[in-house]
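Before any comments, here is the structure.
The values are calculated or read from the model by the stated rules, or taken from the named source; none is laboratory data. Remember, predicted model here, so these are calculated numbers, not experimental data. In this analysis, Cβ positions are derived from the backbone assuming ideal geometry, glycine residues included, and neighbour counts consider all displayed protein chains.
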Amino acid sequence: MAVTRQIPVDNPSGLHARPAALFARTADGFQSTITVRNLSGDTSRRADARSVLSVLTLGVEPGHIIEVTVEGEDEEGAMDTLERLVMSGLGEEAEMDGGGEDATDPSPGDDD
Amino acid sequence: MPLTPARAMTTDTLSSMLPVEAIRLGLQAGSWRQAIKLAGDSLVETGSTTSEYTTEMITAVEEMGPYIVIAPGVALAHGRPSLAVVEPGLAWITLAEPVAFGHEDNDPVRLVIAMAVPDKTGHVRTLASLADLLSDPERRAELIGHSDPEELHRAISRFESDRAN
């Protein structure tokens, strides 16, 4: 009953719009209640993982640690899936859209 | 054309990054590409980007789909960080008639916000501020319904100063 895990967010640009959308879409596929806090930010703010907007309000930068809480019938599977998703970089490999100091990165990156 | 003085650092407030001149309301756009172009033109005309950035914002949607439609009726256009960004800035465009971006949940779009904030931290923080501003459905509807750029700018400033206190 209820699983909570801390997961580091290491992808290059943090949880900007695209990875946040992927995270939310993935969370939305499960029955459990799923919430997220940014332990490296305002820890009092608890976001609904199914909502892209809610996840974006957490302002998760690269190197931040999020805490995901899952409660419901499919909580184990949901937590494992979300953890794997975050640990694998949420589809971000190289410096993709939305962030990065390397303004001259030429390669489009290989995300699908 | 005079610009808003003291163009902001990228961790600054939305209202300081969004000049009143970059707020254009009730425009006509026949397609999502046109809608993004209008937002991009705003960024160019207020000195934030070159027109290359407008192309980059459109390319991002072509390559990665309409993930930028992050709330019902709202698209947050942005391109990859590049030399096309002269200084960080935002633009806020509303459309007289909403257009489809192809997002399965949040179409059609009436508000296009263009973001030119290339550094990682600033980008995520600006996104967080915008998400905060737009997350309440009533406030979102009220903001989208503005017809006067000065009033909209005041509404955003008020929201931010309330939040800070």
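Overview of values
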{"read-out": "The stretch B:92-144, subset more than 8 Å from chain A (Cβ to nearest Cβ), over 15 Å from the mean Cα position of the chain (by Cα) and charged (D, E, K, R), residue surrounded by the most Cβ atoms within 10 Å (Cβ to Cβ)", "value": "B:Asp107"}
{"read-out": "Test: B:Gly102 is modelled with pLDDT of 95 or more and out of contact with any helix residue (DSSP H, G or I) (no Cβ under 7 Å at 6 or more places or on another chain)", "value": "yes"}
{"read-out": "Within the stretch B:22-43, tally of residues that are away from chain A (no Cβ under 14 Å) and under 13 Å from the mean Cα position of the chain (by Cα)", "value": "12"}
{"read-out": "Candidate set from the stretch B:44-71 (those that are under 20 Å from B:Leu27 (Cα atoms) and more than 10 Å from chain A (Cβ to nearest Cβ)); member that is surrounded by the most Cβ atoms within 10 Å (Cβ to Cβ)", "value": "B:Thr54"}
{"read-out": "Subset of the stretch B:76-87 [within 12 Å of chain A (Cβ to nearest Cβ) and either out of contact with any Leu (no Cβ under 7 Å at 6 or more places or on another chain) or in a helix (DSSP H, G or I) (or both)]", "value": "B:Ala77, B:His78, B:Gly79, B:Arg80, B:Pro81, B:Ser82, B:Leu83, B:Ala84, B:Val85, B:Val86"}
{"read-out": "Unmet criterion (only one of (1) more than 9 Å from chain A (Cβ to nearest Cβ); (2) touching a Pro at 6+ places or on another chain (Cβ under 7 Å); (3) free of Cβ contacts under 8 Å to residues at least 24 places away in the same chain) for B:Glu151", "value": "(2)"}
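Quick grid of which residues meet (1) within 10 Å of chain B (Cβ to nearest Cβ); (2) more than 29 Å from B:Gly79 (Cβ to Cβ); (3) small (Gly, Ala, Ser):
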| residue | (1), (2), (3) |
| --- | --- |
| A:Ala2 | no, yes, yes |
| A:Arg5 | no, yes, no |
| A:Pro12 | yes, no, no |
| A:Ala17 | yes, no, yes |
| A:Phe23 | no, no, no |
| A:Ala27 | no, no, yes |
| A:Gln31 | no, yes, no |
| A:Val36 | no, no, no |
